[in-house]
Amino acid sequence: MAETRVLVQATDPLLAVGLSSYLAMHPDITVVEANDPDSFDVAVVGAEGFTAATIRMLRLTAVTAARPVVLVIPDIDDLQLITAVECGVVAILPRASVNQERLVRSVHAAEAGGGIMPPHLIGSLLEHFRRLQREVLLPNGLTLTGLTSREIEVLRLMADGLDTTEIAEEIRYSVRTVKTIIYGVMDRYELRSRSHAVAYAVRAGLI
């Protein structure tokens, strides 16, 4: 297994020492000190609470390095959770239950592009996205995918084999408007062709 470089930060120096010692005991993990984007793969942030100091630490890491973050904290509420996720937090461990095995598993999950959170936090996060979709996105014709409902419909019809004229007739838009929609999607996602756009939409589960 390749070495995982971990930056440990904490609002409490003793907490930082404890987290570092857990990680340093694992043969596949190296604890680093430099807050440099090229020096670490995952950041572990320990906090006594979701305070202003904690938020500053998380935002600084997000801005300077844009690496996944494992947050060790006693507790966190729904609103704080959203702020944490916006700052790159992909795993949250209750401080009282942290041990070496859980911490290492969270670090490896974060490095692999995954995440670990207590079940009630996952539920809160999903409810936030459902509310966002219901109250903000849908009324404005948008979706969580970043595509509008109109763009998704055009991609779906393209996948069904319809050409531009047939799509225009199906959704009652002008051919020019359909071409604009297709070009906009291809340009935004840097897609080479219409078939590439359809393949991307299928792989991403958009259609």
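The values are calculated or read from the model by the stated rules, or taken from the named source; none is laboratory data. Worth saying up front: this structure is predicted, and the values here are computed from it rather than measured. So basically every Cβ, Gly included, is an ideal-geometry build from the backbone, and we count neighbours across all protein chains shown. To get the accessible areas, we keep the full protein, side chains included, count just its heavy atoms, and leave off ligands, DNA and RNA. Shrake-Rupley method; radii C 1.70, N 1.55, O 1.52, S 1.80 Å.
When residue 93 is tested against the conditions (1) within 23 Å of residue 38 (Cα to Cα); (2) modelled with pLDDT of 90 or more, the lone failure is (1). Taking residues in region 190-201 that are closer than 17 Å to residue 161 by Cβ and in contact (Cβ under 8 Å) with a residue 40 or more places away in the chain, and partners anywhere that are of a type in the set (Val, Ile, Thr) and open to solvent by 40 Å² or more (accessible area, probe 1.4 Å), the pairs with Cβ atoms closer than 6 Å and at least 6 places apart or on different chains are 201/207. Only one of the listed residues (74, 94) is in contact with an Asp or Glu (Cβ under 9 Å, 6 or more places away or on another chain) and surrounded by 14 or more Cβ atoms within 10 Å (Cβ to Cβ). That residue is 94.
For region 99-123, filtering for residues that are at pLDDT below 90 and open to solvent by less than 30 Å² (accessible area, probe 1.4 Å) leaves 2.
Scanning region 26-64 for residues that are more than 21 Å from residue 116 (Cα to Cα) and of a type in the set (A, V, I, L, M) yields 32, 34, 52, 53, 60, 63.
Scanning region 11-49 for residues that are under 14 Å from residue 74 (Cβ atoms), among the hydrophobic types (A, V, I, L, M, F, W, C) and open to solvent by 30 Å² or more (accessible area, probe 1.4 Å) yields no hits at all. Report every pair of residues separated by at least 6 positions or lying on different chains whose Cβ atoms are under 7 Å apart, first residue within region 162-180 and open to solvent by less than 80 Å² (accessible area, probe 1.4 Å), second among the basic types (Lys, Arg). From residues that are open to solvent by less than 80 Å² (accessible area, probe 1.4 Å), the pairs are 164/179. Checking each residue in region 63-91 for being in contact with a Pro (Cβ under 9 Å, 6 or more places away or on another chain), β-branched (Val, Ile, Thr) and within 16 Å of residue 7 (Cα to Cα) picks out 64, 72, 89, 90. Inclusion of residue 131 among residues that are open to solvent by 80 Å² or more (accessible area, probe 1.4 Å) and at pLDDT below 90 is warranted.
Looking at this structure, is residue 81 within 11 Å of residue 44 (Cβ to Cβ), in contact with a helix residue (DSSP H, G or I) (Cβ under 7 Å, 6 or more places away or on another chain) and of a type outside the set (Asp, Glu)? No.
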